[in-house]
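Down below is the structure, laid out as structure tokens.
The values are calculated or read from the model by the stated rules, or taken from the named source; none is laboratory data. Note that the coordinates shown come from a computational prediction; the quantities given were computed from them, not determined experimentally. Virtual Cβ from ideal backbone geometry, glycine too; neighbours counted across all protein chains shown. Quick note on the areas: whole protein, heavy atoms, side chains included, nothing else; ligands and nucleic acids left out. Shrake-Rupley method; radii C 1.70, N 1.55, O 1.52, S 1.80 Å.
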Amino acid sequence: MSQIEIRYKKARQREFCLLEAQGSLETDGTGGLRGQQKFAEIERLDNGQVLMRIGVHRAQGSLVKLKKPLAVLKKRVADDGSISYDIEAVVKEKFLFKLRPDVVL
């Protein structure tokens with residue numbers, strides 16, 4: 001039986017959040033969203049709602065806790081060929097946008 005080492009250091013963790021939206025996100029660039037540092041502004045309101053602005057579009061959503069948390073892993077290959085994984089983040093919630101965005105001019 002093979003074993004894989006998984007390292008977990010809570011001090012190194014970053015906060016991640018999933019983004020779930022109706023439809024798809026498209027850009028004018030040839031590479032799409034890949035490599036873009038910023039594609040939207042997301043604002044968390046006091047009442048638990050979330051606003052996302054992409055260009056002239058605004059979508060309203062909510063923050064939802066995941067039933068089961070997800071781990072973001074980073075693969076490490078040692079000089080001897082052994083493989084281990086570091087847990088980079090634990091995702092516990094997602095931004096959920098059920099409605100189509102409004103156009104804001």
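Where residues in region 1-22 are in a loop (DSSP other than H, G, I, E, B) and modelled with pLDDT under 75, which of them is least open to solvent (accessible area, probe 1.4 Å)?
Step one: list which residues in region 1-22 are in a loop (DSSP other than H, G, I, E, B), which gives 1-4, 8-9, 13, 15-17, 22.
With modelled with pLDDT under 75 added as a condition, the list becomes 1-4, 8-9, 13, 15.
Working: MET1: 216, SER2: 107, GLN3: 160, ILE4: 103, TYR8: 120, LYS9: 121, GLN13: 48, GLU15: 174 Å².
Ranking the candidates gives GLN13 first.
Tell me, yes or no, whether region 26-39 has at least one residue that is surrounded by 13 or more Cβ atoms within 10 Å (Cβ to Cβ), at pLDDT 85 or above and at negative phi.
No: region 26-39 contains no residue that is surrounded by 13 or more Cβ atoms within 10 Å (Cβ to Cβ), at pLDDT 85 or above and at negative phi.
Please work out if ILE42 is modelled with pLDDT under 85 and outside any loop (DSSP other than H, G, I, E, B). Outline the logic, then answer.
Working: modelled with pLDDT under 85: no; outside any loop (DSSP other than H, G, I, E, B): yes.
The answer is no for ILE42.
Being outside any strand (DSSP E or B), exposed (fewer than 12 other Cβ atoms within 10 Å of the Cβ) and in contact with an Asp or Glu (Cβ under 9 Å, 6 or more places away or on another chain), is that true of even one residue in region 91-102?
We begin by selecting, within region 91-102, every residue outside any strand (DSSP E or B); these are 98-101.
Among the residues that remain, those that are also exposed (fewer than 12 other Cβ atoms within 10 Å of the Cβ) are: 98-100.
Add one more test, that the residue is in contact with an Asp or Glu (Cβ under 9 Å, 6 or more places away or on another chain), and what stays is 98.
For region 91-102, residues outside any strand (DSSP E or B), exposed (fewer than 12 other Cβ atoms within 10 Å of the Cβ) and in contact with an Asp or Glu (Cβ under 9 Å, 6 or more places away or on another chain): present.
Within region 56-67, restricting attention to residues that are of a type in the set (Lys, Arg) and more than 15 Å from the chain's Cα centre (by Cα), which residue is least open to solvent (accessible area, probe 1.4 Å)? Please lay out each step first, then the result.
Going residue by residue through region 56-67, those that are of a type in the set (Lys, Arg) are 58, 65, 67.
Filter once more, keeping what is more than 15 Å from the chain's Cα centre (by Cα): 58, 67.
Details: ARG58: 93, LYS67: 203 Å².
Per the criteria, the residue is ARG58.
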